[in-house]
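Below you'll find the structure, written out as structure tokens, and then a few comments.
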Amino acid sequence: MSTRSRTLQIVLPIAFGALFVALWYVTSAFLLSPSRRFILPMPHEVLVDAFLTPKNLGALLGPLWTSTVIAMVGLAIAAVIGIVTAVLMSQAKWVEVTLFPYAVALQSVPILAIVPLIAFAIGYGFESRILVVVLISLFPIITNTLFGLQSTSPQMRDLFTLKRASRWTVLTKLQFPAALPALFTGLRISAGMAVVGSIVADFFFRKGDSGIGLVIDTYRNQLNGEMLYGAIILASLLGLAAFWLFGLLSRLVVGPWYRPNAR
Amino acid sequence: MPESQVVFDSVSMAFPGGTVALDGVDLTVARGEFVALLGPSGCGKSTLLRLASGLETATSGSTRVATRQIGYVFQDATLLPWRTVRQNVALFAELDHLDRAETASRVDDALGRVGLAGFEKHRPHQLSGGMRMRVSLARSLVNQPELFLFDEPFGALDEFTRERLNDDVRALWVRERFTGLFVTHSIPEAVYMATRVVVMGARPGRVIGEFEVPFGDARDEHTRYSPEFAELANAISDCLKGAMA
């Protein structure tokens, strides 16, 4: 890549961001009447009110942490269930044939449609929030891990067949390492989904410590635009951070050897 | 009559769907011979290697192999990309549950013999195609093979690298005198490498001719351009053409 195109790669997104903020100011200052300005407060008002006032920032960070914990616990549970399911599917075709339609069905169920059922069955506490996260983040882990486990070439399997290696040996020394890049892709997608699930669940399951979703809902009721935008920005950053964290983990674990398109 | 290492006894192989890969192949390979299996694609030459290695079982007839110490080099290096060169070369020792000291000494020895000492910590993606094939060779050497199977090895490499690796394989054979089965579709390569060329025809796969190669152990580029070489290559070419006509 030339120096010029690399400079453009940095300059263009920044320019777009600046344009966005400028449009935000124009809309807030000139297009909205003062009585309706709470719908879109000025960017610097959001910055000062939500992030530079310690008391207000504290009111946001606590719930943000709660949402983070719920997202990560749910993601961890989904990872264990998803990887085990994918391994079982890779070991026996009939397991794959039996379970895969339900994995797809799980993906297609609108999570909001089963929220009342979850409330009905296990209540309004943390468990329900975690369950929502697990349900929403399970599918990408299963499909990506399964794809990875099945990605080994016939000749690589021949190497192990020559030595009459056991299924367990083939799984641990061939299939699982080969599946790692795809597994991390799945985890990265699911990490973003887990944050979404955690925030959505906040709207419905309000027992226990508030999450950032509940806080968003509260500020909406209070017509507190500055704090509402602050909370939304933090929630978005959480999603980005989750995505970035698993990207980093992936680079650390498979980066030293994985080259897409190389054989 | 020297001791036989591999015996194919009227071996036939039909795949589901009706493709007949091999039809009544009889072939005996003596210990220490280097046999080139030459033929067009679809003549079942690779299938013979899979049978000899035990990866497949014939539909009828029998395959007898006198050893379990087998080396197998595929057309692709088929290295495990997450393993270093050293870990790749150690794979078979690991699968055989050899102890640490024995594994280390065999791996060092194999790496030295293919000229890869110093590259132990490299990953496959950091190596050229030729070096990856050397790793693949070293991986098989760790088996201390008495029978060495080559399935169109080096076919994906450029001409120069391929000739160098062929010379290296010949040098290994001259020193160790393993039994070699070398699949190729190149007549000059078959003549240059082998002590005997077995010509196969396709649909169904069968043996259509055998040629003893009269050159000794010392072969070099002059061998390739000698009149005797050309004469033998011509005879083999006629044999192949006769089968395809």
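The values are calculated or read from the model by the stated rules, or taken from the named source; none is laboratory data. Quantities reported herein were computed from a predicted structural model and do not represent experimental measurements. All Cβ positions, glycine included, derive from the backbone under ideal geometry; neighbour counts span all protein chains shown. Remember, those area values only see protein heavy atoms, side chains included, never the ligands or the DNA or RNA. Shrake-Rupley method; radii C 1.70, N 1.55, O 1.52, S 1.80 Å.
Okay, here's what the table says:
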item: All positions within the stretch B:26-42 that are assigned to a loop (DSSP other than H, G, I, E, B), at pLDDT 90 or above and surrounded by 19 or more Cβ atoms within 10 Å (Cβ to Cβ); result: B:E33
item: Residue match in the stretch A:54-66 (condition: more than 13 Å from A:M227 (Cα to Cα), open to solvent by 40 Å² or more (accessible area, probe 1.4 Å) and in a helix (DSSP H, G or I)); result: yes
item: Residues of the stretch A:121-148 classified as within 16 Å of A:A242 (Cα to Cα) and over 18 Å from the mean Cα position of the chain (by Cα), total; result: 0
item: Qualifying residues in the stretch A:117-139 (those that are among the aromatic types (F, W, Y) and touching a residue at least 12 places away in the same chain (Cβ under 8 Å)) - the one farthest from A:T66 (Cα to Cα); result: A:F139
item: Sole residue being in contact (Cβ under 8 Å) with a residue 40 or more places away in the chain and within 9 Å of chain B (Cβ to nearest Cβ), chosen from A:L180, A:L162, A:L171, A:L146; result: A:L180
item: Count of residues meeting criterion [part of a strand (DSSP E or B) and within 11 Å of chain A (Cβ to nearest Cβ)] in the stretch B:58-72; result: 3
item: Filtered residues of the stretch A:231-259 (kept if in contact (Cβ under 8 Å) with a residue 60 or more places away in the chain and within 14 Å of another protein chain (Cβ to nearest Cβ)); result: A:S250, A:V253, A:V254, A:Y258
item: Top-ranked residue in the stretch B:61-88 [being open to solvent by 50 Å² or more (accessible area, probe 1.4 Å) and of a type in the set (K, R); ranked as nearest to A:A165 (Cα to Cα)]; result: B:R68
item: Residue match in the stretch A:70-84 (condition: farther than 23 Å from A:I199 by Cβ and modelled with pLDDT of 90 or more); result: yes
item: Leading residue by the ranking (nearest to the other protein chains (Cβ to nearest Cβ)) among those in the stretch B:43-54 that are surrounded by 15 or more Cβ atoms within 10 Å (Cβ to Cβ) and in a loop (DSSP other than H, G, I, E, B); result: B:G44
item: Count of the stretch B:121-130 residues which are under 19 Å from the mean Cα position of the chain (by Cα) and within 14 Å of another protein chain (Cβ to nearest Cβ); result: 1
item: The stretch B:204-243: number of residues that are touching a Phe, Trp or Tyr at 6+ places or on another chain (Cβ under 9 Å), free of Cβ contacts under 8 Å to residues at least 12 places away in the same chain and of a type in the set (D, E, K, R); result: 0
item: Residues of the stretch A:29-53 satisfying the condition of being more than 26 Å from A:L214 (Cβ to Cβ) and not in a loop (DSSP other than H, G, I, E, B); result: A:A29, A:F30, A:L31, A:P34, A:S35, A:H44
item: Residues of the stretch A:214-230 satisfying the condition of being in contact (Cβ under 8 Å) with a residue 60 or more places away in the chain and surrounded by 16 or more Cβ atoms within 10 Å (Cβ to Cβ); result: A:L214, A:V215, A:N224, A:G225, A:E226, A:M227, A:Y229, A:G230
item: Residue among A:V134, A:V73, A:V115, A:V97 that is more than 14 Å from chain B (Cβ to nearest Cβ) and either closer than 30 Å to B:F74 by Cα or buried (at least 20 other Cβ atoms within 10 Å of the Cβ) (or both); result: A:V134
item: Single residue of the stretch B:89-120 satisfying the filter (within 14 Å of chain A (Cβ to nearest Cβ) and touching a Lys or Arg at 6+ places or on another chain (Cβ under 7 Å)) that is most open to solvent (accessible area, probe 1.4 Å); result: B:D96
item: Residue match in the stretch A:65-77 (condition: among the aromatic types (F, W, Y), out of contact with any strand residue (DSSP E or B) (no Cβ under 6 Å at 6 or more places or on another chain) and in contact (Cβ under 8 Å) with a residue 40 or more places away in the chain); result: no
item: In the stretch B:156-173, the residues that are assigned to a helix (DSSP H, G or I) and among the hydrophobic types (A, V, I, L, M, F, W, C); result: B:F160, B:L165, B:V169, B:A171, B:L172, B:W173
item: Options A:R167, A:R206; residue that is within 22 Å of A:A59 (Cβ to Cβ) and open to solvent by 30 Å² or more (accessible area, probe 1.4 Å); result: A:R206
item: Elements of type strands (runs of 3 or more DSSP E) contained in the stretch B:174-221, each with 3 or more residues being open to solvent by 30 Å² or more (accessible area, probe 1.4 Å) and assigned by TED's automatic domain parsing to the domain that holds B:M13; result: B:206-212
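One line per residue, one yes/no per condition, for (1) modelled with pLDDT of 90 or more; (2) of a type in the set (K, R):
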{"residue": "B:R86", "(1), (2)": "yes, yes"}
{"residue": "B:D99", "(1), (2)": "yes, no"}
{"residue": "B:Q126", "(1), (2)": "yes, no"}
{"residue": "B:L137", "(1), (2)": "yes, no"}
{"residue": "B:R164", "(1), (2)": "no, yes"}
{"residue": "B:L181", "(1), (2)": "yes, no"}
